[in-house]
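Below is one structure; the comments refer to it alone.
The values are calculated or read from the model by the stated rules, or taken from the named source; none is laboratory data. Model, not experiment: these values are computed from the prediction. No Cβ is skipped: glycine too gets one built from the backbone with ideal geometry, and neighbour counts run over all protein chains shown.
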Amino acid sequence: MLSPDLKNALPSTDELPCSDDTPVDNEDQNLLPNVLLFLLNSIWANRIDWFFAVDMAVYHTTGVNPRVPVVPDAFLSVGVERKKGGKSRKSYAVWEENDVVPILTLEMVSHTPGGEYDEKMAIYAKLGVLYYVIYNPEYWRRDQHQPFEVYKLVNGSYQLQIGEPYWMSEVGLGIGRYQGIVAGIQQELLAWYNQQGDRYLMPEEQAQQERTRAEQLAQYLRSLGIDPDNLPSDQG
């Protein structure tokens, strides 16, 4: 942990660039992390102690220069304000977040290798990120890895974990893949899971599930000769 004097000497997030300005070269690099964010807004709607960012610069003091960030495709921090000082963050500077480093980072591999398996892995390990997720659905054979990998930091180095969805007890969430539909197109998506391995549903999926249950109940009542549209009211 840095001393107050050293912290005061560091630049503020208002002075620092908010990203590395590197354009994404794969539409899923924006879509899938934002699906995770949207879902987390539903799962943790009543919590204000977390922050999930997509393509945001993380500034830290474990590299060669605190002005040089690492920019994950997405990251999750727990134990920080949802809105820092009531405002949206431009970037994430660890020294402005009570030294809370992200507990999870996500990298999505594209046709241009970005050091996901070496350079960035070393940066996240030194920073102290507990879980590092690499999603590589198209180029995993090229890179000689699996399409979906979860690494956990153990004694300063990352160890590949087994199982999917993988439950992260320190986060209180599991993460894994499933086949879903976005904008009418079926594709593989990432999702959060509970400890029992059940996928958290998107709000629209929950609404559809409720409609299906209501229709099934109505059909059952009709099979008993009861009109579900004219049920007797309970007047006490």
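Key figures
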{"read-out": "Residues satisfying the stated conditions in region 62-86, i.e. over 18 Å from the mean Cα position of the chain (by Cα) and of a type in the set (A, V, I, L, M)", "value": "64, 68"}
{"read-out": "Residue tally, condition farther than 21 Å from residue 124 by Cα and touching a helix residue (DSSP H, G or I) at 6+ places or on another chain (Cβ under 8 Å), over region 66-93", "value": "1"}
{"read-out": "Selected residue [closer than 21 Å to residue 74 by Cα and acidic (Asp, Glu)] from 138, 205", "value": "138"}
{"read-out": "Search result, residues across region 54-65 that are at negative phi, in contact with a helix residue (DSSP H, G or I) (Cβ under 8 Å, 6 or more places away or on another chain) and assigned to a loop (DSSP other than H, G, I, E, B)", "value": "60, 61, 62, 63"}
{"read-out": "Answer residue from region 27-65, given it is of a type in the set (Gly, Ala, Ser) and over 20 Å from residue 198 (Cβ atoms) and is surrounded by the fewest Cβ atoms within 10 Å (Cβ to Cβ) among those", "value": "63"}
{"read-out": "Filter result (of a type in the set (S, T, N, Q) and crowded, with 19+ Cβ neighbours inside 10 Å) within region 92-144", "value": "105, 136"}
{"read-out": "Hits in region 83-103 (condition: at negative phi and part of a loop (DSSP other than H, G, I, E, B))", "value": "83, 88, 89, 90, 91, 97, 100, 101, 102, 103"}
{"read-out": "Boolean, residue 89 is assigned by TED's automatic domain parsing to the domain that holds residue 188 and more than 19 Å from the chain's Cα centre (by Cα)", "value": "no"}
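Yes/no per residue for (1) surrounded by 14 or more Cβ atoms within 10 Å (Cβ to Cβ); (2) in contact (Cβ under 8 Å) with a residue 40 or more places away in the chain:
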| residue | (1), (2) |
| --- | --- |
| 174 | yes, no |
| 179 | no, no |
| 183 | no, no |
| 195 | no, no |
| 200 | yes, yes |
| 203 | no, yes |
| 213 | no, no |
| 217 | no, no |
| 231 | no, no |
